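Let me begin by presenting the structure, written as structure tokens, before commenting on it.
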Amino acid sequence: MTPRDAFLARIGAEVRRARPAGPATPAPRPARPAEAAEAIRRQMAERWPAAVRRFEEEFGRVAGVFHRVRRREEVAGVILGIARAQGTRDLVAWSADAIGVALEAELAAAGLGLTVAGPDDAEGRRRHREAAARAGVGVTGADIVLAETGTLVLVSGAGRPRATSLLPPTHVAVFDPSQVVESLEQVGVLLEALHAGASGPASITFVTGPSRTADIELTLTRGVHGPREVHAVLVEEP
């Protein structure tokens, strides 16, 4: 048997061993997305502690680093510690409104340079991309936090460029309990509500741990197509 035949035989054996997948059934689209999304938010107002514990567990499984703080004033200290651990002085961030906390004053007092997303025009986007390419840490919010897979869902738009989470080697996402959901089905409902208006977002990014890629020999490498590290910071304060 030639090496090629042996290789194909191994693939065939693994395919035969695999259990057949069940039939795919799409979830029904909500007739009133805004009302369905609000119902999910009301449910999660009581169930978020268990969902956060599940997120922390699943996020750790995909090599994410979880942080928890009580108040928004503590977020800058967490980011400062991450930047110092990475040996970087340059950071980029979404706007304070998009993250939910202002970081510039405290990070500047610690000697760090923070570039915050500016005007949402061609020149502003170009400048932010260049800053993100130089930065060691990118700080964003998280529009939806999916517990069952440890996934951060980021919606792009004004004050929230995609480059912030994609170009720096370390990504930090800040969120509070109102962003946490339990299932991918709930994520679908929330995104339906988001698109129910006249215009939807430019893009939606699902982040499940650091960027990974592997060559044909299955050598796993982090950070080729995105950040090498992903941190999630939960602010318990609403």
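Details
- Its Cα centre serving as origin, the chain has a Cβ charge dipole (Lys and Arg +1, Asp and Glu -1) of approximately 660 debye.
- Placed amide H near VAL174: partners under 5 Å, 5+ positions off or other chain: THR140, GLY141, ALA142, VAL233
- Close amide H pairs (under 5 Å, H built 1.01 Å from N) link GLY209 with LEU152, residues at least 5 positions away or on another chain.
- Under 5 Å, built H, 5+ apart or other chain: amide partners of VAL230: VAL65, HIS171
- Antiparallel beta bridges, as assigned by DSSP with both residues in the stretch 34-235, represent about 30 percent of the total such bridges.
- Rounded to the nearest 10 degrees, the inclination of helix 3-17 to the longest alpha-carbon principal axis of the chain is 80 degrees.
- Of GLY111, GLY22, GLY124, the one that fluctuates the most in a GNM where the chain has Cα springs shorter than 10 Å: GLY22
- Karplus 3J(HN,Hα) series, Hz, for the stretch 155-167 with 6.51 cos²θ - 1.76 cosθ + 1.60 (x for Gly, Pro): 9, 7, x, 4, x, 9, x, 4, 4, 4, 9, 9, 8
- Positive-pole candidate from SER165, GLY60, GLY87, dipole of the stretch 34-235, charges at beta carbon: GLY87
- Between ARG16 and ALA133, the distance separating the two model label sites (each 7 Å from Cα on the Cα→Cβ line) works out to 5.2 nm.
- Helix-only mean residue ellipticity at 222 nm for the chain, each DSSP H run of n ≥ 4 adding -39500 (n - 2.57), per residue, nearest 500: -12000 deg cm²/dmol
- In this label model, ALA85 and ALA109 are separated by 2.3 nm, measuring between points 7 Å along each Cα→Cβ vector.
- Per-residue ³J(HN,Hα) for the stretch 60-75, Karplus 6.51 cos²θ - 1.76 cosθ + 1.60, θ = phi - 60°, Hz, x for Gly and Pro: x, 5, 9, 6, x, 10, 9, 10, 9, 10, 7, 10, 5, 5, 8, 5
Values in this text are rule-based calculations from the coordinates and carry no lab data. Only a predicted model underlies this, so the values are computations on that prediction, with no experimental measurement involved. Heads up, the Cβs are rebuilt from the backbone with ideal geometry, glycines too, and the neighbour counts pull from every protein chain shown.
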